[in-house]
Amino acid sequence: MNRLAGRNAVVTGAASGIGWEIARLFHAEGADVTLIDFNAESVRKRAAELGERALAQPADVTDEDQLAAGIEAAVAAFGPVHIGVNSAGVGALAPIAELAASEWRRIVEVCLTGVFLSIKHEARHMSEGGSIVNIASLNARQPAEGFAAYCAAKAGVEMLTKVAAMELGARGVRVNALAPGLVDTPLSKAFTGSPLRREFVANIPLGRIGEPADVAAAALFLASAESSWVTGDTLVVDGGQHTKRYPELIKHFRRGERGRRR
Ligand SMILES: NC(=O)c1ccc[n+]([C@@H]2O[C@H](COP(=O)([O-])OP(=O)(O)OC[C@H]3O[C@@H](n4cnc5c(N)ncnc54)[C@H](O)[C@@H]3O)[C@@H](O)[C@H]2O)c1
């Protein structure tokens, strides 16, 4: 289990959910891992859990100076970056008519601008053989009512991934994305911890919600030399969810609100 021995990996959003599982797996596969997250306490705890070859860098991915400093700290500790995984993300449910512009900006800033800044600063420290993996979402392709900002930002990540692959290919740096379906993490609790869960599962051919480990395994493939001729692509990891219907989120939550008011 040493598929990433001697590799230096930077993972954003590494304090929780998918990012944490990727940091854990890459570390177990021999990589030096720098965990970046704006939750300072959690990210320090996670790095301490991994022990040697792990570094915590509290930083907000929307703040270019903080992010650049976090990645520079990774270089100072472990040398040039080989792998960048960009997993920091947020979401919020509201129909467009009720979505505050500030909320739209917050989601686009973290989910899209944060990935742009991460690619920019990771690539700066990468050379031949480098690999960047952006965590997009099935919602990059499958629209969900009430998720305008998230869907638009994730669709942006998919296109950003292609442009970055074109620009960095000449340097031997690959850039790909993952599009997970619904995965059990703190971010998706409103869905997985509600009656909506059943509706999601009914629309997943493999009959279960995803685990962070499902996404981490795909990230390992894209980060490792096994995918050395793959770039500019998005790999859907969703148990087949894209083949079926997306649950009606707004209807479900409105029903819940009416129930609570009664
Ligand atoms: N859980 C799902 O169902 C699902 C499905 C598809 C895609 N995704 C994507 O996967 C990624 C990880 O999500 P998750 O489900 O693991 O969520 P999570 O909430 O468990 O983890 C997200 C992490 O990102 C960090 N973060 C948020 N904003 C940040 C910022 N500005 N700067 C630095 N760190 C920040 C949080 O502190 C948290 O530790 C996200 O990009 C999300 O959109 C999740």
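Would you please give the residues with an amide H less than 5 Å from that of Val236, counting only those at least 5 places away or on a separate chain, with H modeled from the backbone geometry?
The answer is Ala179.
Percent of Cα-Cα pairs more than 35 Å apart in the chain, please.
In whole percent, the share of Cα-Cα pairs in the chain beyond 35 Å is 14.
How much of the pair distance distribution for segment 117-243 lies past 22 Å, counting alpha-carbon pairs only, in percent?
Of all Cα-Cα distances in segment 117-243, 38 percent exceed 22 Å.
Can you give me the relative contact order of segment 42-95 as a percent, contacts being Cα pairs under 8 Å and 6 or more apart?
21 percent
Return a whole-number percent for the relative contact order of segment 26-133, with Cα pairs under 8 Å and 6 or more residues apart as the contact set.
Result for segment 26-133 is 27 percent.
What ratio of Cα Rg to 2.2 N^0.38 Å holds for segment 1-74?
Its radius of gyration relative to the 2.2 N^0.38 Å reference: 0.99.
What ranking of Arg245, Arg105 emerges when the number of other C-beta atoms within 10 Å of each C-beta is taken as an exposure proxy, fewest first? All intermediate terms of the calculation are to be shown ahead of the outcome.
Details: Arg245 10, Arg105 13.
Listing Arg245, Arg105 from fewest to most nearby Cβ atoms yields Arg245, Arg105.
Measure off 7 Å from each Cα along the Cα-to-Cβ vector at Lys162 and Val201, then give the distance between these two points in nanometres to one decimal.
3.7 nm
Find the centroid of the Cα atoms in segment 1-34 and in segment 98-174, then give the distance between the two in whole Å.
So the separation of the two Cα centres works out to 20 Å.
Please compute the modelled spin-label separation between Ala5 and Arg124, points set 7 Å along Cα→Cβ, answer in nm with one decimal.
Each label point is offset 7 Å from its Cα along the Cβ direction, giving 3.3 nm.
At 1.306 mPa s and 10 °C, plugging the Kirkwood radius over alpha-carbon pairs of segment 169-262 into Stokes-Einstein gives what diffusion coefficient in µm²/s?
104 µm²/s
What is the dipole size for the chain, taken about its Cα centre, with +1 at each Lys and Arg Cβ and -1 at each Asp and Glu Cβ, in debye to the nearest 20?
I would put it at about 1100 debye.
Order by neighbour count: His125, His27, fewest other Cβ atoms within 10 Å first, most last.
Numbers: His125 18, His27 22.
Result, fewest neighbours first: His125, His27.
Return the sequence-ordered ³J(HN,Hα) values of segment 7-14 in whole Hz as given by the Karplus equation 6.51 cos²θ - 1.76 cosθ + 1.60 applied to θ = phi - 60°, using x for Gly and Pro.
Rounded to whole hertz, the list is 8, 10, 10, 10, 10, 8, x, 7.
Mind scanning Lys120/Lys154; Lys45/Lys120; Lys162/Lys244 and naming the pairs with a C-alpha gap bigger than 24 Å? All intermediate terms of the calculation are to be shown ahead of the outcome.
Working: Lys120/Lys154 18 Å; Lys45/Lys120 27 Å; Lys162/Lys244 26 Å.
Over 24 Å Cα-Cα: Lys45/Lys120; Lys162/Lys244.
Treating the beta-carbon of each Lys and Arg as +1 and of each Asp and Glu as -1, no other charges, what is the dipole magnitude of segment 121-167 about its Cα centre, to the nearest 20 debye?
Working: 4 positive and 5 negative charges, 17 e Å.
With only Lys, Arg, Asp and Glu charged at Cβ, the dipole is about 80 debye.
Mind listing the phi-derived Karplus ³J(HN,Hα) values for segment 131-148, rounded to whole Hz, using 6.51, -1.76 and 1.60 with θ = phi - 60°, and x for any glycine or proline?
9, 10, 10, 9, 8, 8, 5, 4, 5, 5, 10, 9, x, 9, 4, x, 10, 4
Would you mind computing, in nm to one decimal, how far apart the modelled labels at Ala69 and Arg105 are, each placed 7 Å from Cα along Cα→Cβ?
Rounded to a tenth, the inter-label distance reads 2.3 nm.
Looking at Ala15, Ala5, Val43, which one has the Cα that reaches farthest to the positive end of the dipole of segment 3-62 (charges on Cβ: Lys, Arg +1; Asp, Glu -1)?
The listed residue farthest towards the positive side: Ala5.
Quick check: from the Cα gyration tensor, does segment 42-168 come out rounded (a/c under 1.5), prolate or oblate? The partial results should precede the final answer.
On the way: a/c = 2.32, a/b = 1.60, b/c = 1.45.
Prolate shape, in that a/c is at least 1.5 and a/b is the bigger ratio.
Net charge around Ala216, counting only other residues with Cβ within less than 12 Å of its Cβ (Lys, Arg = +1; Asp, Glu = -1)?
Net of charged neighbours comes to -3.
Counting other beta carbons within 10 Å of each residue's own, what order do Thr231, Thr243, Thr113, Thr12 fall into, fewest first?
Ascending Cβ contact count within 10 Å gives the list Thr243, Thr113, Thr231, Thr12.
Where a number appears in this text, it was derived from the coordinates with a stated rule and is not lab data. Keep in mind that this is a model prediction, so the values were computed, not measured. Because the Cβ atoms are built from the backbone with ideal geometry, glycine has one as well, and the counts that use them run over all protein chains shown.
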